[in-house]
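Peer 1: Sharing a structure with you now.
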Amino acid sequence: LKPGRQPCSSEDAARSMSSVAVLDGGLATWLEDHGHELGQGHLWSARLLGEPTGRAAVRDAHRAFLAAGACACTTASYQASRAGLVAAGLAATDGEADGLVQLSVRLARDASAAAGRGPATVIGSVGPFGACMADGSEYSGCYRRLAARPSLPGEAARDAAAGAACEPAPTAERLPPGLVGCAAWRAAAEGGSLRAVPWLSAFQEPRVAALAAAGCDLLLAETLPCIADAVAAISAAHRLRPPGPPLVVSFTVRPCGGRLASGEPLAVAVQLLLAAARAGAGVLAGVGVNCCHPAAVSPALKVIAASLEADEAAADSPAAAPAAAPAPATAPAASDGNAEAAAPAASDGNAEAAAPAASDGNARTCPLQMWLRQHATGASPRRFLWCCPNAGEAWDVSGGGWVSVPAGSPLATPGTRELGALVADWARLAGGRLVCAGGCCRVGEAGVAAIAAAAAGML
């Protein structure tokens, strides 16, 4: 346990950590299925934040997933970077861009309030840098060895002198002392795989700060193809002042489940995350995988759960003596102070709708909200597992659409019944800790409902 934190009661732990929290499905999938053209650009669903009809559609998507059984709303900020929003013309300044990111949180709060089921957990989505490039690199992490950030689509060429003046701080200055150079760091940095961390961190910090300032309950760095993206997320969360929400890190993995999309070992990635948490890099709430085939989840969870168990055993050892790490001298600003004014009004300003979900009495009905309640009161609940696979479909090149993979294939598309069985398997692999399960691309309301039914069957 961290100094100053009290253990959870055994009753609370039993109620919350042996359950499945039902997450939402693919936001973009719902939007496209309901007639909204998102295109293949570098904003994707974030493009809808800039128009009234789009904002209404995002709220409707959140409400649909809540009605299907989800207890959480993931914000439409997956590809909403400062540079991308400005390049697309949706924002004229950094402050306006941050305001749109904050707006995504308010839309989720509005949808939760309208659903009438008690506040849902609002999860602030932070996609990898590659997603903002819209060139497929979010599935390879090929930029992890670059020394400087490439320009985003539509982004004006940056002046060399200005770029030199805005050189991102070195990695060691962005992370807790002692993390850079430790054994886990050396294993992850092999072959220059962490060379991009300084500019990746600088790229993600404004979005993370804006989501935290808007009051999201969890930060989710998702679909991360490489370890460098994960370190950038840790760095951004570490530099929040005051400290921000707990962080969940979710990787995209190859079908074997044991390697990231980049080819890096998942075990090495998790060990570095845990080393960062021990060094004082904020609260690492959970680790998991998303946007992978459903069949890849179980082998990935085995790797993650083993690393978490080993870390907990080491922390419980009498020799373990955690020390508080000093705070960084400076913290990134979420915006130029005008972000809220720059964002279009998304609600009637109802203060209750903006309250953190974990404070409501109905939070006991959702294991994830229970986890947040325990954390907020100073307890140290166990880190949870996160799993949001895609539907497991294949792209039909000739037909130009997604198709199911027939049974008998190692990567067959699971039906509703199979999906429920998979959820039960994920819960068994969790070793008693909380499992947060939902869907990613091509997983709609039916998939969420199937997960919710499977979770209800475990009560």
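The values are calculated or read from the model by the stated rules, or taken from the named source; none is laboratory data. The shown structure was predicted, so the numbers you read here are calculated from the model rather than taken from an experiment. As a convention, Cβ positions derive from the backbone with ideal geometry for all residues, glycine included, and neighbour counts pool all protein chains shown. Side chains are part of the model used for accessible areas, which takes the heavy atoms of the whole protein and leaves out ligands, DNA and RNA. Shrake-Rupley method; radii C 1.70, N 1.55, O 1.52, S 1.80 Å.
Peer 1: Quick check: at a probe of 1.4 Å, how many percent of the accessible area of segment 32-85 sits on carbon and sulfur atoms?
Peer 2: Answer for segment 32-85 is 48 percent, counting heavy atoms of protein chains only.
Peer 1: Just add up the charged neighbours of V249: K/R +1, D/E -1, any other residue whose Cβ is under 13 Å from the Cβ of V249.
Peer 2: So the surrounding residues net to -1.
Peer 1: A follow-up question, please. Which whole-Hz ³J(HN,Hα) couplings does segment 248-263 yield from phi under the Karplus relation 6.51 cos²θ - 1.76 cosθ + 1.60, θ = phi - 60°, glycine and proline marked x?
Peer 2: Values per residue, Gly and Pro as x: 10, 10, 10, 9, 9, 10, 6, x, 5, x, x, 10, 5, 4, 6, x Hz.
Peer 1: Mind listing the phi-derived Karplus ³J(HN,Hα) values for segment 376-387, rounded to whole Hz, using 6.51, -1.76 and 1.60 with θ = phi - 60°, and x for any glycine or proline?
Peer 2: Coupling constants for segment 376-387: 5, 8, x, 6, 10, x, 5, 5, 9, 9, 10, 8 Hz.
Peer 1: Between the alpha-carbon centers of segment 122-141 and segment 423-449, tell me the distance in whole angstrom.
Peer 2: Taking the Cα centre of each part, segment 122-141 and segment 423-449 sit 22 Å apart.
Peer 1: Considering only protein heavy atoms and a probe of 1.4 Å, how much of the accessible area of segment 394-459 is carbon and sulfur, as a whole percent?
Peer 2: 61
Peer 1: Over all directions, how big on average is the projection of the convex hull of the alpha-carbon atoms in segment 38-154, in square nanometres?
Peer 2: 7.8
Peer 1: Which value in Å does the Kirkwood hydrodynamic radius of segment 384-459 take, with 1/r averaged over all unlike C-alpha pairs and then inverted?
Peer 2: Hydrodynamic radius (Kirkwood, Cα only) of segment 384-459 equals 13.3 Å.
Peer 1: Could I have the simple spin-label model distance between A156 and A56, label points 7 Å from Cα toward Cβ, reported in nm to one decimal?
Peer 2: 3.5
Peer 1: Quick one: net charge around L200, please, counting Lys, Arg +1 and Asp, Glu -1 for every other residue with C-beta under 11 Å from its C-beta.
Peer 2: Within the 11 Å Cβ shell, the charges total +2.
Peer 1: Could you report segment 88-206's accessible area per residue, 1.4 Å probe, as an integer in Å²?
Peer 2: The answer is 39 Å² per residue.
Peer 1: Right, another one. So for the pair K302, D33, with labels modelled 7 Å out along Cα→Cβ, what separation do we get in nm?
Peer 2: It works out to 3.2 nm between the two label points.
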